[in-house]
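Report on the structure given below.
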Amino acid sequence: MSAETDCQSPPPNIDTSTLLRAAARAVDGLDLTVESAPRGSTLQSLTDDPAALASVVDLYHEYHLDTFGPDTRRDISALWLLQDIAWLHAIMVIGLIPSAGASLVPSTTAIGMHFPRDFAFSVEVNPGGIGVRRIDPARRYAEPRRALTSLLAPFVSAMAGHLHAGPRAAWACVTDMASSALSTAAQRACLQVTHELQEFSSCPATDADRLLHGLTMRSSPSGPIRRRHGCCLLYAIGGMDVCFSCPRLPDSPAS
């Protein structure tokens, strides 16, 4: 789409299905279909069924072994599964705030997900299971952060046995995926990305908000980027290196 098209706001009084498609257009790599009966795995099924969750982690690991080679650890694959699911739900809860001032809050059975994610994440969404919340301009990201925490907390707990990391590292992963979704959505809404990230990162801390706070921008060959709160562990795979956004790198402040 052209920059002029990207800058346009959705028309008022649109239905949930249209909002879902707008959220999908706010990012890259999401193949979203609106259906009344999602066929893939739901957040609820993965949270409630340990065997189903272990099976999906195994699918990711097999895919990564084929992609990256035998050095790929299963816990790295599990972390990337957490990243994908956190990113998808952050798109719903946060991805429409920059352009439409709305937050979509899915139920834990509204989205059917197909694994493993390849070039695109294929999902089906039932609009009947999606809540739509208009955002208070004075507190744009505070309530969505709490909503994302509430939505993902049971799944984060269910993932604990598959990750070689504690709760803070898991929530750092969720925070980074939310920040990534927001960055792309803000850019496509022709807003100042750093300003949106600062608003998102500086919400007052509450017990109901497990996402991490604070923002550090650093320089990179392509320009200023956000330093991640947590590591994706790409460097731990043979032949791979650290990302420019890696928290393991010393800070190089953005100009």
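The values are calculated or read from the model by the stated rules, or taken from the named source; none is laboratory data. Note that the structure is predicted; figures quoted are calculated from it, not measured. Note that each Cβ is placed from the backbone with ideal geometry, even for glycine, and that neighbours are counted across all protein chains shown. For accessibility, only protein heavy atoms count, side chains too; no ligands or nucleic acids. Shrake-Rupley method; radii C 1.70, N 1.55, O 1.52, S 1.80 Å.
Values as computed for the structure displayed
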| quantity | calculated |
| --- | --- |
| Which listed residue, of Ala169, Ala181, is in a helix (DSSP H, G or I) and open to solvent by less than 30 Å² (accessible area, probe 1.4 Å) | Ala181 |
| Identity of the residue in the range 15-32, modelled with pLDDT under 95 and open to solvent by 40 Å² or more (accessible area, probe 1.4 Å), that ends up nearest to the chain's Cα centre (by Cα) | Asp28 |
| Positions within the range 184-193 being assigned to a helix (DSSP H, G or I) and either touching a residue at least 24 places away in the same chain (Cβ under 8 Å) or out of contact with any helix residue (DSSP H, G or I) (no Cβ under 7 Å at 6 or more places or on another chain) (or both), in sequence order | Thr184, Ala185, Ala186, Arg188 |
| Flag if Asp209 is among the acidic types (Asp, Glu) and touching a helix residue (DSSP H, G or I) at 6+ places or on another chain (Cβ under 6 Å) | yes |
| Check on Asp84, farther than 15 Å from Asn126 by Cα, touching a helix residue (DSSP H, G or I) at 6+ places or on another chain (Cβ under 9 Å) and charged (D, E, K, R) | yes |
| Selection from the range 136-157 of residues that are open to solvent by less than 30 Å² (accessible area, probe 1.4 Å) and either part of a helix (DSSP H, G or I) or without any contact (Cβ under 8 Å) to a residue 60 or more places away in the chain (or both) | Ala142, Pro144, Arg145, Ala147, Leu148, Thr149, Leu151, Leu152, Phe155, Val156 |
| Filtered residues of the range 202-235 (kept if over 16 Å from Arg168 (Cα atoms) and open to solvent by less than 30 Å² (accessible area, probe 1.4 Å)) | Cys203, Arg218, Ser220, Gly223 |
| Qualifying residue in the range 52-69 (condition: part of a helix (DSSP H, G or I), modelled with pLDDT under 95 and within 22 Å of Ser150 (Cβ to Cβ)) | no |
| The range 108-122, residues that are open to solvent by 40 Å² or more (accessible area, probe 1.4 Å) and among the aliphatic types (A, V, I, L, M) | Ala120 |
| Residue satisfying condition, being surrounded by fewer than 18 Cβ atoms within 10 Å (Cβ to Cβ) and of a type outside the set (Gly, Ala, Ser), within set Val105, Val132, Val125, Val174 | Val132 |
| Search result, residues across the range 16-48 that are of a type in the set (Val, Ile, Thr) and either under 16 Å from Ala189 (Cβ atoms) or in contact with a Pro (Cβ under 9 Å, 6 or more places away or on another chain) (or both) | Thr16, Thr18, Val27, Val34, Thr47 |
| Residue under evaluation Ala186, criteria (1) under 25 Å from Asp49 (Cα atoms); (2) buried (at least 18 other Cβ atoms within 10 Å of the Cβ); (3) under 17 Å from the mean Cα position of the chain (by Cα); (4) of a type in the set (A, V, I, L, M), criterion not met | (1) |
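Residue-wise test of (1) at pLDDT 95 or above; (2) touching a Gly at 6+ places or on another chain (Cβ under 8 Å).
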{"residue": "Leu81", "(1), (2)": "yes, no"}
{"residue": "Asp84", "(1), (2)": "yes, no"}
{"residue": "Leu88", "(1), (2)": "yes, no"}
{"residue": "Ile91", "(1), (2)": "yes, no"}
{"residue": "Ala100", "(1), (2)": "no, no"}
{"residue": "Pro106", "(1), (2)": "yes, yes"}
{"residue": "Met113", "(1), (2)": "yes, yes"}
{"residue": "Pro116", "(1), (2)": "no, no"}
